[in-house]
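Asks: Here it is, the structure in full.
FYI, it's all coordinate maths here, none of it is from the lab. Remember, predicted model here, so these are calculated numbers, not experimental data. Glycine gets a Cβ as well: all are built from the backbone with ideal geometry, and neighbour counts include every protein chain shown.
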Amino acid sequence: MIIDSATIWEACRSLLMGWGLGYPAAQVIMLLVAFLVVALFAIVLVLALVLIERRLIGWIQLRPGPNRVGGRTGWLQTVADALKLLYKEDIVPLNADRPTYFAAPYAVFMPVLLMLVVLPFGVAIINGTYRFYVVSDLNIALLFILAMGSVELIGVIMAGWGSGNKYSLIGAMRAVAQLISYEVPLVLALVSVALFAGSLSLVDIVQRQSSTWAIFPLFPAFVIFFITAVAETNRCPFDLLEAESEVVAGFHTEYSGMRFALFFLAEYLAMWVMSALIVLCFFGGWKGPMFLGEGGLWFTSMFWFMAKSFFFVWCFIWFRGTFPRIRVDQLMVFSWKVLLPVAVVQVMIVGWGITYRNPWFSANLIPKATAVEAYGGLIGGFDYMTTPEALTHLTTPELVAFGWSVLGAIVVILLLGAMFYRTIRGFRPSRDFQREIELKIMRLEDAKGSE
Amino acid sequence: MNHVLDQKDFSGLFSENLKFDYEYDPASQILRLDAEHLPELFALLAMDERLAMDYLRDLTAKEQPEGEFHVVYNWVSIEHHHTLMVVAKVPESMEVLSATQYWESANWMEREVWDMFGIRFAGHPDLRRIYLEETVSFFPLRKSFRTLPVENVRDLGGSERELAKARAKAAKAEKEPAGDK
Amino acid sequence: MARRYTQPDVMKRRSDDLDTQELTLNVGPQHPSTHGVLRLVAVTDGEIIKSLEPHIGFLHRGMEKNSEGREYRQLIPLWDRNDYLASMHMDYMVTSAVEALMDVEVPRRAEYIRVIMLELQRIASHLFWFASFALDSGAVTPLFYGLKEREKIIDLFEMASGARLLYNYIRPGGVRADITPEFMEKLSKFIREFPRYLDECEQLYTGNAIFINRARDVGVLTREAAINLGVSGPVLRGSGVAWDLRKDEPYSVYPELKFDIPVGERGDVLDRYEVRFYEMRMATEIVRQAMEGLPEGDFVAKVAVSPKTKAGEVYVRQEAARGEFGCYLVSDGGRKPWRFHVRPGSYLNLGALDAMCRGYLFADLIIILGSIDIVLGDVDK
Amino acid sequence: MGLIDGHNLDAPAGSMPGLALTSIDWVINVARRNSLWPLTMGLACCAIEMICASAARYDISRFGMEVFRPSPRQADVMIVAGTVTYKMAARVKRIYEQMPEPKYVISMGSCSNSGGIHADSYSVLRGIDKILPVDVYVPGCPPRPEALLHGLMTLQKKIDRQTLRRNKPNYIFENRREGEITPLPPEAAVEIEAARLMGIDLS
């Protein structure tokens, strides 16, 4: 007996209706309960994320990290923090714009919470039909997430303006500039995903990655999306709007107690939502590698989804442990002069590939998989990958398109490899400096000797 | 005294250019003069190719036991590697010429001297107090200004000696047999 | 590439249709990145700095006045608290001023020990600068890497003097206590390992493209301006002036040791950064040489507990971690100084901040301030 | 705190409200003492040792205190580390007033305890306790990082005795409830007069 959300949902509804409630009333009550469950999940997730971040950062920085509350692991540390913040005094500055000031934390937190509604967590195959673990499978899920991301921005501006503090205002101004300019490449990267999958629904997008994960044909889009996701969540190296060394704490300088905690919650939740979005759009969502993934078991699919998203959360934390902060004008230049053109080119390539049925971009031609096919995915799933036999059946334009995409992939791999090598090797000015000075001295000594 | 590596003798140069009373000691590289003559000296030090004092490293003041004030300058020439210390006697009006027109580094140092000694610098672009608030009425480094004595600050040298004495006494008492008094 | 906005640029921007207003931004005196209690008032046009005025004096403790009431040996712990990141240099400054008026023959072993301590202090100070500079630019991890290595030097100092931060170690006539074989063993281990550790730091931070882009061509101070503004130390050398008092006006036993002076080319933040890193490598080299050449003998000459000096005046200077530290001592022949003045390195370096910052962005202000490496105790006295 | 105020607090010991409140006290005190977020406020030499306490060797984060907040609004404990001059004292006081309740002050080092080596100076405040209520004094010039950690643990013990119940000795909002400010010690008058001479209003 496999329990899934739909079964529970129907069981609850029949229970409630058995108590004499009408259908709409039962639905409303269940929706409220579902929302509470989502909120609870979000809060527990954030508490875990903050703890993970503090322990991981501690590990990166050669120190143990919190280990006092709840035994050696310190697993209750963030619970203690949350409780303490709950019981702190709530200060309202005298020159604050009161309505804006009060509304801002909720305007930041609620959109992020709402994003959770459309994220599919996994799948179960019951009686040959798919049951997806998602609160609401919106057919415009991508659009919804982007819209919510923009609403969050309004909350940030409200916080900056409402506080009546110059640092807050500068932080909020930076937030506006940064988030708006990074939204454009973000949207374009997602457009190429939507084109590739032929749908805006996240469930569809994941299902269309049965044969191959979208990262392989859409690698540049993935890189762009990853970078912009870091910028959208205001994480290091793009954490300009709360840069401690410049604008104190940015837009939430004046907030204390639970209102501040809401900003904190929103930031970490957004980080996880963005990681989940990366996984859903580029890494096959709940699909595991090969036969481990789509076995039709709800816990394997959920496991893979969570594991992959936490890998990206780890990357976010890793960035914070390694990078310095980028400067505000460089941030703009990077977005408009580097990310945007690449994203546009990527969209053009995808569109062109779909028009000419390039095998790399023809994943959307795969019929919606059925249970039988899913079980046969072990063998059948990779049929759509280009094989030497398949190449001989291609028409000329298809072949040319294929050649172009292979060339493009090689160029991208070389570029990224060079960047990677540059990062790994490092640049040591003081050593080069030393060598230069030694050379200078040698030359001087030579000159003296010749005299 | 003035620590210098290769001490050059500027006596000839000074006697040629400075047409007023001054005292110059080549061994320690100290030039003593009255502050009224500073304009001529500044021009000479900054403009003369042989001196080329381009780096004003220190500017401060001191109060003499007789109550007169001196402004003390320290120059170094990064080009020629020689140094010069100038001690200028401040006139009754407590106003001397500012060095900021030639050396920008004098800006903050002159503000400090004004703050601490109350010596004015004519031609300074922004002569305000630098450490203390504008409303303060005293000049702390003048000898007439005394800090309040605080009782709990002990004389370290004295107390150490007392402690050593007490220890020696204790050691002596231990060495001697207990009953012996 | 960073761009310096000139005044006409700003004026042109302002003459556009936009009705803009100058924004006066107050940073400090309690701000995470002012390295203490410094207040900066910046007039900005958007994010571009038009002028900047540092307000100091929040840590003014009146130490010059306090010195006049103390005996010479009591001055050392007092002035330790001046530049608390380079206390050994402060000890040496007071000591050399008193010795210059005292006619005392310092044993060679003491001089060598002093050089070892001064150079170790330079490394410790520069490591702390690296940590806080990286923190200013937004990277947190270098703080922990820098301080981890600094703790090793602190351990060495603790073995020698018994204190972690303010040592009171160098005193007229020599040093307070001789160094032990265990100290030498630990020191040679440190010297062996330190260059490899510096490589690690550079891999962590210097190679980062974000940092290079932020630091190159930012906060430019030309050679002429640097000399005229009286800056000293790594800031002066970063601007391309080969001026190091250890070479140019040698003191102690520096003439007997071989080392280079690093000099920058552009005079920007990256140059100052490189100069300091190279100085750390060079200081390691000096310590190694001093360790090998350490003679046997006394570590302190016979000096009275409360020494008297000759009447006279003296100006001594030394190349400390933050630049030239001068000390002007006037003695009336007694046990206490008549006038004790210190020319702090950070004070004049901070005075050049306005010249460095004009035309750059507000975000650059923090990294420029970090690159000149001020200690507020030293600025305010 | 509105919920708690409504209860009958004069009920005999051992009855339900008292028990519930005691355990709430316990839970909240455990939370408070384990997440003391310090304010980044280094004034002088002691700040260096404070930074060392947060670095890898001494690692203040083991106690959950590595969240150094730049904004006073989000901080719980102010570590006054270093010499407080009259010019800075007014600012320190203002920053203290910006912090939300419950707030604690640790005076670190001789200078902020009593003026220390600079006690005879014309511009140094002789002890931060002349203008602020101090919870824990850490002696030393400068104190070692271990001493600071010990001071923080002492503060934790102090927090353990707090209660949310009104009319009890350790009620945390004692002064705030009455709308009064913690009275200054009698020695403060001298300091305020000295600060006035320096052009600073400390009262």
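Asks: Over 20 Å between Cα atoms: which of D:K103/D:K130; A:K84/A:K166; B:K8/B:K62; C:K310/C:K336; A:K84/D:K103 fall into that group?
Replies: A:K84/A:K166; B:K8/B:K62
Asks: What does the C-alpha gyration tensor say about the overall shape of the stretch C:161-241? Classify as rounded when a/c is under 1.5, otherwise prolate if a/b is larger than b/c, or oblate.
Replies: Because a/c hits 1.5 or more and a/b fails to exceed b/c, the stretch C:161-241 counts as oblate.
Asks: State whether the stretch C:53-380 is rounded, prolate or oblate according to the following rule on the C-alpha gyration tensor (a ≥ b ≥ c being the square roots of its eigenvalues): a/c under 1.5 gives rounded; otherwise a/b larger than b/c gives prolate, and the remaining case gives oblate.
Replies: Taking the square roots of the gyration eigenvalues as a ≥ b ≥ c, the stretch C:53-380 is oblate.
Asks: How would you rank C:D354, C:D364, A:D239, C:D248, going from fewest to most other Cβ atoms within 10 Å of each one's own Cβ?
Replies: Fewest-to-most Cβ neighbours within 10 Å comes out as C:D248, C:D354, A:D239, C:D364.
Asks: Under 8 Å for C-alpha pairs, at least 6 residues apart: give me the relative contact order for the stretch B:11-149, rounded to a whole percent.
Replies: Over the stretch B:11-149, the number comes to 18 percent.
Asks: Which whole-Hz ³J(HN,Hα) couplings does the stretch A:107-112 yield from phi under the Karplus relation 6.51 cos²θ - 1.76 cosθ + 1.60, θ = phi - 60°, glycine and proline marked x?
Replies: 5, 8, 7, 4, x, 5
Asks: Also, I was wondering about something else. Where the only charges are on Cβ atoms (+1 Lys, Arg; -1 Asp, Glu), what is the dipole of the stretch C:15-156 about its Cα centre, to the nearest 20 debye?
Replies: 780
Asks: Using Cβ contacts closer than 10 Å as the measure, can you line up C:Y251, C:Y112 from fewest to most?
Replies: Exposure proxy ranking, most exposed first: C:Y251, C:Y112.
Asks: What residue among C:L166, C:L204, C:L59 shows peak mean-square fluctuation when chain C is described by a Gaussian network model with Cα springs under 10 Å?
Replies: Maximum among the listed residues: C:L204.
Asks: Under a 5 Å amide H to amide H cut-off, with H placed in plane at 1.01 Å, what residues pair with D:V105 once short-range neighbours are removed?
Replies: D:M78, D:D135, D:V136
Asks: Considering only the other residues whose Cβ falls under 11 Å of the Cβ of B:L33, what net charge follows from Lys and Arg at +1 and Asp and Glu at -1?
Replies: -3
Asks: Return the average number of partner chain Cβ atoms within 10 angstrom of each residue Cβ along peptide B:108-121.
Replies: 2
Asks: Shifting gears a bit: In sequence order, what are the phi-derived ³J(HN,Hα) couplings for the stretch B:22-36 according to the Karplus relation 6.51 cos²θ - 1.76 cosθ + 1.60 with θ = phi - 60°, rounded to whole Hz, with x for glycine and proline?
Replies: 8, 10, 10, 10, x, 5, 9, 6, 10, 10, 10, 7, 8, 5, 4
Asks: To continue, here is another question. Taking the number of other C-beta atoms within 10 Å as the exposure measure, put A:S181, B:S28 in order starting with the fewest.
Replies: With the sparsest Cβ surroundings first, the list reads B:S28, A:S181.
Asks: Follow-up question, since we're still on this one. First select every other residue whose beta carbon is under 9 angstrom from the beta carbon of D:I192; then total the charges, Lys and Arg +1, Asp and Glu -1.
Replies: Within the 9 Å Cβ shell, the charges total -1.
Asks: Let me ask something else about it. As a test of the formula, what do you get for chain C when each DSSP H run with n ≥ 4 contributes -39,500 (n - 2.57) and the sum is divided by the residue count, at 222 nm and rounded to the nearest 500 deg cm²/dmol?
Replies: -14500 deg cm²/dmol
Asks: Let me check I've understood the local charge: for B:P125, count other residues with C-beta under 13 angstrom from its C-beta, Lys and Arg +1, Asp and Glu -1. What total comes out?
Replies: Local charge sum for B:P125: -3.
Asks: I need the phi-derived Karplus couplings for the stretch A:83-96: 6.51 cos²θ - 1.76 cosθ + 1.60, θ = phi - 60°, integer Hz, Gly and Pro marked x.
Replies: Coupling constants for the stretch A:83-96: 4, 4, 5, 4, 9, 7, 5, 9, 9, 10, x, 4, 9, 7 Hz.
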